[in-house]
Amino acid sequence: MFPAKFEYYAPTTVNQAVALLKKHRDAKVLAGGHSLLPTMKLRLAQPPVLVDIGKVKGLAGIKVAKGGATIGALTTHATIAASKDLRKQCPAITEAAALIGDMQVRNRGTIGGSLSHADPAADYPAVMIALGAEMKAVGPKGARTINASHFFKSLMTTALKPSEVLTEVRLPPHQPNSGCAYVKFPNPASRFAVAGVCAWIALDAKGRCAKASIGITGACATATRASKTEAALRGKELNEETIAAAAAQAADGLDCLSDIHASAEYRAHLVTVLTARAIQQAVARAK
Amino acid sequence: MATQIIGSTVKRREDPRLITGAGKYTDNIVLPRMTFMAILRSPHAHARIKKIDASRAQKHPGVLAVYTGEDLKKGGVNPIPVGFVLPDMKTAQHHPLAIDEVHYVGDGMAAVVATDRYTAKDALDLIDVEYETLPVVVDGEKATHAGAPQLHPEAPDNVAYYWKVGAGDADKALTEADGVIKQRIINQRLIPTAMEPRVAIADYQPATGDLTLYTTTQNPHLIRLLMALVLGQPEHKLRVVSQDVGGGFGSKIYLYADEVIACFAAKQLARPVKWTEERTENYKATIHGRDHITDAEVGYKKDGTITALKVKTWANQGAYLSNFAPLIPTFFYGPMLQGVYQISNFFVEVWGTYTNTTPVDAYRGAGRPEAAYLIERAVDWVAFELKMDPAEVRRKNMIPPFTSAPYQTSMVYAYDSGNYPATLEKALKNAGYADLRKKQAELRKQGKYMGIGISTYVEITGAAPAQVAASIGAGVALVESALVRVHPTGKVVVYTGSHAHGQGHETTFAQIVADQLGLSVDDVEIVHGDTERTPWGAGTYGSRSQPVGGAAVYVATQRVIEKGKKFATHMLEAAEADVVFEGGKYFVKGTPSKAITFQEVALEAYTAKKVPADVESGLEAISFFNPSNFTFPNGAHIAVVMVDPDTGKVDLTRYICVDDVGKVINPMIVEGQIHGGIVQGLAQALWEGAVYDDDGQLLSGSMMDYALPIASNLPSFETSRTETPSPVNPLGAKGAGEAGTIGSTPAVANAVMDALKPFGVRHIDMPLTSEKVWRAMQKK
Ligand SMILES: Cc1cc2nc3c(=O)[nH]c(=O)nc-3n(C[C@H](O)[C@H](O)[C@H](O)COP(=O)(O)OP(=O)(O)OC[C@H]3O[C@@H](n4cnc5c(N)ncnc54)[C@H](O)[C@@H]3O)c2cc1C
């Protein structure tokens, strides 16, 4: 509970933050602190420098417009969970936010922190993949955007460079006749996802599946896509049978984690169950 | 005549300070020149310490001292003793800091004292240790197998003790039974997780030789006694203070190494030394609970009569015997396997074993949850095999009501009072049992799995008749005392040897006094938790505070009333035999209109205006209460669950209970104790479990991995009571602190197994995690 010694900076602009990160090579960004500080208190992480972005203006907030939604990196889980505009456009993300940890965690933890941390059991990554979100990162060389499909690299590793700050998440605009849902099986201890699935489904004029996009978190070292299920759904009539048949393939080829909470086999099974449930809800919302 | 404050819901007087953050916890104490201690703990479960070099740590700026096991030994610190001794027990030396070998992950090896917490912690990394790792055993049964790693030379095959108890002829009864069920059943290891971890501050005054220890204990007097023995500090020069404590559940009964080291360091340095346990440290260094592996054989007749129970239990005691560890799987377990049933043939064998794990001792329920879980599961096994309703099997075997004389069980104890059938029937009625069974059948047809679980438990509280306790191995008399002191204005201070850390004694003990003396609760102050202010008390655990500590308060109050009569007699100018005390007033029998108040009498006790010289002034009395028997709370708990066949997830949908805790002083406080108890017990059934890997690393080492119960996962509880007063204390009270925990584990486990009946599942072990339940459902 007593971290090792560190230096602390509180820049007020993104550029200052980036400059500090560039100068101090082992520095860590501090956002809500709900992943970073516990590891520091256990001395599992001992960063010599913290760059607290909490005082940087303009990093928090949600904008929902015709062209899509943008969510500032510093926006807390609680703010996202409570956003009516977001819920209308994209209920999967408000659902995911509302299911994170407990009230204290939701009040302090931020979406930028969660995505940058890339915990294998975090909720948002499934949503980001399913919705095709883009991350905006600012580094010494300026800003760039990274698609969710390329953002989560491996266990707790993202495409962000050490001196980059994630500033914003962008969700594509809402398509007519589409719906999305996030379904989670929480770990009874931590509340993190033993497995979590986000499904986004677009229907064609005949009510068949025009496009499906499904993200999986919790089950593997990094969030991933259920490509076989997506392919199996495309062009199909969506009923209990076709959904079940497609969902049954959701864990195919996944290298699932095994720990004291769930074996790889059980996680793979959960993925199929949750995928079916997420698709059903998404379809209901698309109609 | 009493004023009926006993039995009424008085709001807890301690709550305003506790819920507004104004409680005084040990960690809040700041003393001048205070230093901070951190403990270097073994990262290995079993290793030889080849070299330990603290020189770099010693030189670190801010570090005042580093101590190792050898330093403590040279300083005259003794090993930590065991306070409950069984015949032929093999007690391993437990040095406060390990010497030569470490025996579990978390075993203390060195202590750093520094000017602040961070420095102390930093310096731990500067202690250089060379280990030679040794083979590890974490399983309480495997520890006894040939070729298992050996922990202590004193204890061959890692057996700390072998103990047995029995009645009748179990083997014969098993041969003659219509059916015999053999089942291995595991009562998994739990981590107590009190909200506040342990804290110790030792303050030594070289000028006077006085040592004060502020600590988070449930029993300051016991700690003083044990500390005096270990440290060689004379008992009269040692004061132990325990202020507000954030929960104990048994884990804060014992003398731990850390408190000893803090005291030693404070004496060495002549500066106050503070040690505050971190949560991850708490999970390793504070005792764990339960951890039984049992092979059971149950004999039964076709009509559901249970004829025999034969049990072999390996009780994992961890790396060392904690203070009271040997009591729990023996006297608090074996004889309690009879439960509420008329079974006459038993054979119970227990091996208390050493393993490379955190020591195990009493944790809420302590022995009785293990016993109740086993016998209540066994009853359901019989119901399963005979396709009988589990309520029916219970009715068939239940001890009939006994309210006027105690019931001599088959093994050791005589139950004080109880009406088990009435309690069961009330619970079944409150649950709407018949309708639940109908609903269950309907749901099954729809592929939905509802389970209904019953447990009818009895447990043992109110330790103890001192002579009985001494005869079975207790190192101290488990009596409780109360000093009731009346001030000249009639205000009362009660000094109790019991300690409250969530139980609400400041309210209930005051209710007893106020009720008897005709005062308001606000006229009575309760002082506890300081050996210098309060007379001896063995402490608060085993649900003993009301039946023993409360009884002492009651008896001392009666003595005050009697003493008061002496003053009243002269003030009323009457014969003592004619003076009565009712409703807070003394008067001559038949003339209540000429009464004098308790306050007037109190004033007379200190002014002596009316009394002659041969009536001694002052108004106070003390009682050391020694109960004539234990008390045996009991109840019937019913859990209703839904099991998701797709995932195996269990949802508790209803919880109905009826408990008999004897006479109740404060219904709201009893309710609170029952609620908390139920949650702690059902969490064992569904979620909690300490997990070690084969190397002895604690995998469930933090709350991220050890699943504690959360309010949002629980329904409202439907609680109710029956009341058979206990004849063994004047209050008629039994204990209420552990009852809920003991009743709920089997109720919930039985409910889950009931839901799994269509899948042909008789038993799976706790915690009944989604995965385990899902796997059980795949077997059909
Ligand atoms: C008890 C508990 C339960 C939890 N349960 C869940 C759960 O159910 N689901 C879930 O998804 N999460 C859960 N979490 C994690 C929680 O969501 C965290 O808030 C989140 O993972 C990190 O966000 P933060 O703002 O707190 O980041 P911090 O802890 O401040 O930072 C986390 C990491 O990200 C980096 N970082 C932060 N912001 C940025 C940025 N803008 N740019 C670049 N790098 C950055 C930091 O340097 C650090 O490495 C839980 C946490 C706790 C303590």
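The values are calculated or read from the model by the stated rules, or taken from the named source; none is laboratory data. If you're wondering where the values come from, they're calculated on a predicted model, not measured in any experiment. All Cβ positions, glycine included, derive from the backbone under ideal geometry; neighbour counts span all protein chains shown. What goes into the accessible areas is simple: the full protein's heavy atoms, side chains included, and nothing from ligands, DNA or RNA. Shrake-Rupley method; radii C 1.70, N 1.55, O 1.52, S 1.80 Å.
Only one entry in A:Ala126, A:Ala130 is near the ligand (Cβ under 10 Å from one of its atoms) and either touching a Cys at 6+ places or on another chain (Cβ under 9 Å) or closer than 30 Å to A:Val283 by Cα (or both), namely A:Ala126. Could you give every pair whose Cβ atoms fall below 6 Å, whose first residue belongs to the stretch A:27-52 and is under 15 Å from A:Asp119 (Cα atoms) and free of Cβ contacts under 8 Å to residues at least 12 places away in the same chain, and whose second residue is of a type in the set (Asp, Glu) and near the ligand (Cβ under 6 Å from one of its atoms), counting only separations of at least 6 or pairs across chains? Hits for this filter: zero, empty list. Condition check for B:Thr531 on (1) under 30 Å from B:Ala474 (Cβ atoms); (2) modelled with pLDDT under 95: one failure, at (2). Residues that are out of contact with any strand residue (DSSP E or B) (no Cβ under 6 Å at 6 or more places or on another chain) and of a type in the set (A, V, I, L, M, F, W, C) within the stretch A:1-17 comprise A:Met1, A:Phe2, A:Ala4, listed in sequence order.
Elements of the type helices (runs of 4 or more DSSP H) sitting completely within the stretch A:143-258 and holding at least 1 residues that are more than 14 Å from chain B (Cβ to nearest Cβ) and of a type in the set (Asp, Glu): these cover A:227-233, A:240-247. Does B:Gly681 satisfy the criteria of being away from chain A (no Cβ under 11 Å) and either under 30 Å from B:Ala47 (Cα atoms) or out of contact with any strand residue (DSSP E or B) (no Cβ under 8 Å at 6 or more places or on another chain) (or both)? Criteria met by B:Gly681. Against the list (1) more than 14 Å from chain A (Cβ to nearest Cβ); (2) within 24 Å of A:Ser263 (Cα to Cα); (3) under 24 Å from the mean Cα position of the chain (by Cα), the condition B:Glu738 fails is (2). When B:Glu130, B:Glu154 are checked against the criterion of being more than 14 Å from every other protein chain (Cβ to nearest Cβ), acidic (Asp, Glu) and not in a loop (DSSP other than H, G, I, E, B), a single residue qualifies: B:Glu130.
Inside the stretch B:706-724, can you point out the residues that are more than 16 Å from B:Thr357 (Cβ to Cβ) and within 14 Å of another protein chain (Cβ to nearest Cβ)? Residues satisfying the conditions are B:Ala707, B:Leu708, B:Pro709, B:Ile710, B:Ala711, B:Ser712, B:Asn713, B:Leu714.
crowded, with 18+ Cβ neighbours inside 10 Å, farther than 22 Å from B:Gly232 by Cβ and within 34 Å of the chain's Cα centre (by Cα): does that describe B:Gly83? So B:Gly83 does not fit the description; no. B:Arg775 - would you say it is basic (Lys, Arg), within 14 Å of chain A (Cβ to nearest Cβ) and within 27 Å of B:Val382 (Cβ to Cβ)? Judged against the criteria, B:Arg775 is a match.
Quick check on my filter: what residues within the stretch B:101-127 are open to solvent by 10 Å² or more (accessible area, probe 1.4 Å), among the β-branched types (Val, Ile, Thr) and within 14 Å of another protein chain (Cβ to nearest Cβ)? Matches in the stretch B:101-127: B:Thr115, B:Thr119. Pick from the stretch A:191-206 the residues that are among the small types (Gly, Ala, Ser) and open to solvent by less than 30 Å² (accessible area, probe 1.4 Å): which of them is farthest from the ligand (Cβ to nearest atom)? So, considering only residues that are among the small types (Gly, Ala, Ser) and open to solvent by less than 30 Å² (accessible area, probe 1.4 Å), the one farthest from the ligand (Cβ to nearest atom) is A:Ala202. When the helices (runs of 4 or more DSSP H) confined to the stretch A:1-109 are screened for residues that are open to solvent by less than 40 Å² (accessible area, probe 1.4 Å) and acidic (Asp, Glu), none reaches at least 3 such residues. Taking the stretch B:697-721 as the range and being of a type in the set (Val, Ile, Thr) and at pLDDT below 95 as the test, only B:Ile710 passes. Set side by side, the residues A:Ile93, A:Ile100, A:Ile53 differ, and just one is more than 9 Å from the ligand (Cβ to nearest atom), touching a helix residue (DSSP H, G or I) at 6+ places or on another chain (Cβ under 6 Å) and not charged (D, E, K, R), which is A:Ile93.
Looking at (1) polar (S, T, N, Q); (2) part of a helix (DSSP H, G or I); (3) open to solvent by less than 20 Å² (accessible area, probe 1.4 Å), find the lone condition where B:Thr456 falls short. Condition (2) is where B:Thr456 drops out. Candidates are the residues of the stretch A:237-263 that are of a type in the set (D, E, K, R) and in contact with a Lys or Arg (Cβ under 6 Å, 6 or more places away or on another chain); the one that is nearest to A:Trp200 (Cα to Cα) is A:Glu237. The residues in the stretch B:19-36 that are exposed (fewer than 15 other Cβ atoms within 10 Å of the Cβ) and out of contact with any Asp or Glu (no Cβ under 7 Å at 6 or more places or on another chain) can be counted, and the count is 8.
With B:Lys649, B:Lys610, B:Lys594 as the choices, which residue is of a type outside the set (Ser, Thr, Tyr), within 14 Å of another protein chain (Cβ to nearest Cβ) and in contact (Cβ under 8 Å) with a residue 12 or more places away in the chain? Only one candidate passes the filter, namely B:Lys649.
With respect to the conditions (1) within 12 Å of chain A (Cβ to nearest Cβ); (2) open to solvent by 10 Å² or more (accessible area, probe 1.4 Å), B:Leu686 lacks only one, and its number is (2). Of the residues making up the stretch B:307-327, those that are touching a Gly at 6+ places or on another chain (Cβ under 6 Å) and either without any contact (Cβ under 8 Å) to a residue 40 or more places away in the chain or open to solvent by 10 Å² or more (accessible area, probe 1.4 Å) (or both) number 3. Counting only strands (runs of 3 or more DSSP E) that sit wholly inside the stretch B:169-279, those with at least 3 residues that are within 29 Å of the chain's Cα centre (by Cα) and closer than 30 Å to B:Val382 by Cβ are B:179-190. Specify the residue that is nearest to B:Pro465 (Cα to Cα); the eligible residues are those in the stretch B:391-410 that are open to solvent by less than 70 Å² (accessible area, probe 1.4 Å) and either at pLDDT below 95 or among the basic types (Lys, Arg) (or both). Selected residue: B:Ala405. Mind listing whichever residues of the stretch B:749-772 are away from chain A (no Cβ under 14 Å) and not in a loop (DSSP other than H, G, I, E, B)? Passing the criteria: B:Ala749, B:Asn750, B:Ala751, B:Val752, B:Met753, B:Asp754, B:Ala755, B:Lys757, B:Pro758, B:Phe759.
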